[in-house]
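K.L.:
This is the structure I want to talk about, given as structure tokens.
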Amino acid sequence: MEHAQEHEACLEQTQRYCVERPIYNQELLQGQLHRRERTPQTLRQKIAHSCRCSSKKAKSHLYSFLPILKWLPRYPVKEYLLGDIISGISTGVMQLPQGLAYALLAAVPPVFGLYSSFYPVFLYTFFGTSKHISIGTFAVISMMVGGVAVRQVPDEIISVGYNSTNVTDSFEYDNPRDARRVQVAVTLAFLSGIIQLCLGLLRFGFVAIYLTEPLVRGFTTAAAVHVFTSQLKYLLGIKTNRYSGPLSVVYSIAAVLSKITTTNIAALIVGLTCIVLLLIGKEINLRFKKQLPVPIPMEIIVVIIGTGVSAGMNLSESYSVDVVGSIPQGLRAPAVPEIQLIPAIFVDAIAIAIVGFSMAVSMAKIFALKHGYTIDGNQELIALGICNSVGSFFQSFSITCSMSRSLVQESTGGKTQIAGALSSVMVLLVIVAIGYLFEPLPQTVLAAIVMVNLKGMFKQFGDIAHFWRTSRIELAIWVVAFLASLLLGLDYGLLTAVAFAVITVIYRTQSPQYRILGRIPDTDIYCDVEEYEEVKEYPGIKIFQANASLYFANSESYTSALKKKTGVDPCAILAARRKAQKRHAREIKAANQLRKKATNDVEASVKHEIANDELPVNGKFASADASAQDMSPDEHEHFVEPKTNIHSLILDFTPVNFVDSVGAKTLKSIIKEYKEVGVCVYIASCSGPVMNELTRLNFFDNAVTRELLFHSIHDAVLACQGKDGSASQ
């Protein structure tokens with residue numbers, strides 16, 4: 001009782017509105033409105049307008065292309081500088097070992113990881129719009145680059161191939177194969193950068209929306225498995241070929257297992273020790289995040305310890321542990337990538353360009369939302385394109401945003417792109433001054449760093465339980481992206497996952513939810529009658545809603561669902577009527593023949609007594625037959641033809657975003673078929689763009705006018721009630 005009183009009191013306190021207006025259909029509404037006059041521009045005028053340049057417009061374009069010109073003059077030194085310095089040093093300390101480690105993933109010598117950690121990072125400071133992401137080497141992209149490099153230059157091929165003198169002039173490789181792989185990686189970076197730059201200039205930043213979160217997470221989880229398996233041979237210190245393409249994970253594991261007996265125990269002990277130290281360090285950083293002023297840089301500590309132990313114990317000579325090897329001092333002269341490689345790696349470059357952009361933009365959006373600023377997706381494409389394409393002339397491979405470094409850069413107080421620039425300067429100091437000190441660094445240490453950094457990606461296996469509870473379709477996208485990328489390789493896996501994600505969108509529009517709506521008493525609000533007890537239907541009126549647009553893929557299911565939900569199938573009713581009319585005609589014909597025969601029998605009878613006895617029977621029969629004949633056609637029809645108790649059908653077009661030619665024909669067919677069985681079809685809440693599409697598709701004619709379209713469901717319901725009332729009178 002108290003609950004009911006509280007509910008009534010709440011209703012009394014709620015605001016109410018009362019509007020008295022005519023019942024609007026589109027014909028009446030359009031007659032009372034006046035369209036704004038718009039003079040359409042010709043193509044020449046549009047081109048002239050876009051090419052017109054004022055000082056304000058030029059300044060705006062310059063600031064958009066070089067965001068640093070906008071934020072650097074306003075940089076608050078006292079507030080931001082200290083945080084940016086601490087963040088830059090912390091990120092740089094991570095950038096150095098990760099650059100060396102991810103170079104192994106990219107199948108190039110470690111020094112090229114340092115180049116990729118300097119040039120692109122420094123360039124992003126000028127062109128990027130995100131204040132917090134850390135650009136540079138990233139495991140997934142490095143793995144994709146390494147897959148292409150190994151495919152183009154397999155381990156079996158050593159010396160036969162194309163010219164690579166522009167790389168080898170100033171750098172001696174331990175293996176000629178490495179020079180060729182560097183050329184593949186560099187050309188791939190150049191091409192992916194050009195693709196990103198073109199997409200950005202053409203304002204194609206929206207392409208990232210096709211890489212949905214479940215797809216990206218499934219893809220990166222598979223990439224983590226690829227990365228982990230590729231590092232097993234470095235951790236164990238064994239020599240195996242590197243595989244790429246479909247089933248490369250299976251081949252890699254099989255190769256490692258086949259040579260497991262040749263494991264280098266010293267390399268394994270060093271690697272496992274580093275893994276334990278890194279995991280302990282990460283756990284301490286996580287547990288005492290608030291107490292620590294900056295995270296403990298365990299990666300650089302492990303690199304320093306590993307280098308010291310390797311040099312002191314001479315692990316390379318004494319225990320045959322593979323080390324980083326030669327790291328040339330200083331920067332290298334720019335060189336043009338091998339253009340003739342482009343046709344062979346074009347598709348891979350597209351995949352790397354889109355994945356790299358998607359990673360960077362998704363991370364940039366998270367930080368922008370957290371700190372209250374906006375990023376420009378198209379400018380991010382341009383920035384990444386410049387970083388990759390320009391960096392490729394200085395022998396850097398493809399880069400993107402690193403999740404782990406970005407989190408460190410943001411959590412240690414980074415406020416602007418200055419932090420990223422300082423981290424690149426730290427890498428520069430290593431390249432030009434102390435790079436040679438890291439030559440004794442065991443490769444197993446780098447493998448340990450890579451494996452531990454995959455911990456966050458492996459946690460994404462928990463997505464399976466999450467998506468199982470929330471959305472089975474998104475779970476299917478995750479599983480397909482994971483399995484396809486794991487088994488087919490990252491390039492074909494990505495294409496397969498994107499294709500499957502698009503198919504799920506088509507599936508959702510092909511199989512929408514259909515419902516019958518009813519009215520909440522004393523309101524103009526209409527809800528699903530099967531969901532709420534209070535919702536009631538109007539007698540003789542059915543309101544049908546589908547939560548999808550009407551087009552070629554779902555027009556047939558729309559029609560069948562309409563018939564099923566309303567319980568009115570015009571085709572079935574018309575067929576039943578025709579069948580009933582034929583049956584009735586046969587009955588009349590049989591009755592006439594029987595009456596004629598009875599009459600002849602009476603006339604032929606010579607016995608008046610028998611005739612007199614049978615007359616009442618025949619009289620009754622004849623009178624019944626006569627009454628059947630005396631029935632009017634309308635009465636016959638009412639007596640034998642199936643009738644529907646629905647006189648009006650309202651189609652709610654609120655969720656409809658577009659209608660194609662097939663959808664328009666289907667709609668017209670529905671109106672015509674239901675009209676034949678005495679049911680008037682009306683359309684409610686049709687948006688302006690959909691109205692314009694119907695007009696362009698010649699939907700309206702003498703039979704189907706705009707009077708059938710109403711501004712709202714309630715307008716349509718009141719109109720149906722008015723027409724039914726006038727018809728009954």
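K.L.:
Tell me, which helices (runs of 4 or more DSSP H) wholly within segment 32-150 include 1 or more residues that are farther than 25 Å from residue 377 by Cα and among the basic types (Lys, Arg)?
P.N.:
43-51, 77-105
K.L.:
Okay, next question. Restricting the search to segment 333-349, which residues are open to solvent by 60 Å² or more (accessible area, probe 1.4 Å) and closer than 28 Å to residue 491 by Cβ?
P.N.:
Within segment 333-349, 336, 339, 340, 343, 346, 347 qualify.
K.L.:
Restricting the first residue to segment 414-440 and requiring it to be touching a residue at least 60 places away in the same chain (Cβ under 8 Å) and over 30 Å from residue 375 (Cβ atoms), which pairs with a second residue that is assigned to a helix (DSSP H, G or I) and open to solvent by 40 Å² or more (accessible area, probe 1.4 Å) meet a Cβ separation below 8 Å and a spacing of at least six or different chains?
P.N.:
440/311; 440/316
K.L.:
Now for a different question. Only residues that are within 17 Å of the chain's Cα centre (by Cα) and either of a type in the set (Ser, Thr, Tyr) or in the same structural domain as residue 150 (by the TED database) (or both): list them for segment 486-536, please.
P.N.:
Answer for segment 486-536, where residues must be within 17 Å of the chain's Cα centre (by Cα) and either of a type in the set (Ser, Thr, Tyr) or in the same structural domain as residue 150 (by the TED database) (or both): 496, 504, 507, 509.
K.L.:
Just to be sure, is residue 602 modelled with pLDDT under 80, assigned to a helix (DSSP H, G or I) and in contact with an Asp or Glu (Cβ under 9 Å, 6 or more places away or on another chain)?
P.N.:
It is true that residue 602 is modelled with pLDDT under 80, assigned to a helix (DSSP H, G or I) and in contact with an Asp or Glu (Cβ under 9 Å, 6 or more places away or on another chain).
K.L.:
For segment 94-109, state whether one or more residues are touching an Asp or Glu at 6+ places or on another chain (Cβ under 6 Å), touching a residue at least 40 places away in the same chain (Cβ under 8 Å) and more than 16 Å from residue 408 (Cα to Cα).
P.N.:
Yes, the conditions are met somewhere in segment 94-109.
K.L.:
Next question, about the same structure. Between 381, 341, 369, 437, which is under 21 Å from residue 95 (Cβ atoms) and in a helix (DSSP H, G or I)?
P.N.:
Details: 381 fails: under 21 Å from residue 95 (Cβ atoms); 341 fails: under 21 Å from residue 95 (Cβ atoms); 369 fails: under 21 Å from residue 95 (Cβ atoms).
It is 437.
K.L.:
Which pairs do you get when a residue that is more than 26 Å from residue 22 (Cβ to Cβ), found in segment 32-48, comes within reach of a residue that is in a helix (DSSP H, G or I) and not polar (S, T, N, Q), reach meaning Cβ atoms under 9 angstrom, with the pair 6+ apart or on two chains?
P.N.:
Within 9 Å, the pairs are 41/49.
K.L.:
Being in contact with an Asp or Glu (Cβ under 8 Å, 6 or more places away or on another chain) and either within 15 Å of residue 98 (Cβ to Cβ) or outside the structural domain of residue 94 (by the TED database) (or both) is the filter here; which residues of segment 282-325 pass it?
P.N.:
Residue satisfying the conditions is 324 alone.
K.L.:
Now for a different question. I need the full set of residues from segment 81-94 which are among the polar types (S, T, N, Q) and under 12 Å from residue 421 (Cβ atoms), in order please.
P.N.:
Within segment 81-94, 87, 91 qualify.
K.L.:
Follow-up. Assess whether residue 330 counts as being in the same structural domain as residue 266 (by the TED database), open to solvent by less than 20 Å² (accessible area, probe 1.4 Å) and at positive phi. Let's see the steps before the verdict.
P.N.:
Values: in the same structural domain as residue 266 (by the TED database): yes; open to solvent by less than 20 Å² (accessible area, probe 1.4 Å): yes; at positive phi: yes.
Against the criterion (in the same structural domain as residue 266 (by the TED database), open to solvent by less than 20 Å² (accessible area, probe 1.4 Å) and at positive phi), residue 330 qualifies.
K.L.:
Pairs needed: first member in segment 525-546, touching a residue at least 40 places away in the same chain (Cβ under 8 Å) and within 18 Å of residue 648 (Cβ to Cβ); second member anywhere, among the charged types (D, E, K, R) and open to solvent by less than 30 Å² (accessible area, probe 1.4 Å); C-beta distance under 8 Å; at least 6 residues apart or different chains.
P.N.:
526/652; 543/652; 544/652; 545/652
K.L.:
Could you tell me whether segment 242-252 includes any residue that is under 42 Å from the mean Cα position of the chain (by Cα) and farther than 25 Å from residue 397 by Cα?
P.N.:
Checked segment 242-252: at least one residue is under 42 Å from the mean Cα position of the chain (by Cα) and farther than 25 Å from residue 397 by Cα.
K.L.:
Tell me the residue from 494, 483 that is buried (at least 19 other Cβ atoms within 10 Å of the Cβ), in contact with a helix residue (DSSP H, G or I) (Cβ under 8 Å, 6 or more places away or on another chain) and of a type outside the set (D, E, K, R), please.
P.N.:
From the options 494, 483, the qualifying one is 494.
K.L.:
If you don't mind, there's one more thing I want to ask. For residues in segment 246-277 being of a type in the set (Gly, Ala, Ser) and touching a Phe, Trp or Tyr at 6+ places or on another chain (Cβ under 8 Å), which is farthest from residue 106 (Cα to Cα)?
P.N.:
Filtering segment 246-277 for residues that are of a type in the set (Gly, Ala, Ser) and touching a Phe, Trp or Tyr at 6+ places or on another chain (Cβ under 8 Å), the one farthest from residue 106 (Cα to Cα) comes out as 266.
K.L.:
Could I ask something else about it? Looking at 399, 354, 382, which one is open to solvent by 10 Å² or more (accessible area, probe 1.4 Å), in contact (Cβ under 8 Å) with a residue 12 or more places away in the chain, farther than 14 Å from residue 131 by Cα and out of contact with any His (no Cβ under 6 Å at 6 or more places or on another chain)?
P.N.:
354
K.L.:
Any chance you could count how many residues in segment 199-232 are touching a residue at least 60 places away in the same chain (Cβ under 8 Å), of a type in the set (A, V, I, L, M) and farther than 18 Å from residue 450 by Cα?
P.N.:
7
K.L.:
Another question about this same structure. For segment 542-563, which residues satisfy the criterion of being part of a strand (DSSP E or B), open to solvent by 20 Å² or more (accessible area, probe 1.4 Å) and closer than 22 Å to residue 504 by Cα?
P.N.:
Initially, segment 542-563 is screened for residues part of a strand (DSSP E or B), giving 542-546, 550.
Next, only the ones that are open to solvent by 20 Å² or more (accessible area, probe 1.4 Å) stay: 542, 545.
545, the sole residue that qualifies.
K.L.:
I would also like to ask the following. Step by step: first the residues of segment 429-474, then only those that are out of contact with any helix residue (DSSP H, G or I) (no Cβ under 8 Å at 6 or more places or on another chain) and of a type in the set (A, V, I, L, M), then the one that is most open to solvent (accessible area, probe 1.4 Å). Which residue is that?
P.N.:
429
The values are calculated or read from the model by the stated rules, or taken from the named source; none is laboratory data. This is a predicted model, so every value here is computed, not measured. Cβ coordinates were reconstructed from backbone atoms using ideal geometry, including for glycine residues, and neighbour counts include every protein chain displayed. Calculation scope for accessible area: heavy atoms of the full protein, side chains included, ligands and nucleic acids excluded. Shrake-Rupley method; radii C 1.70, N 1.55, O 1.52, S 1.80 Å.
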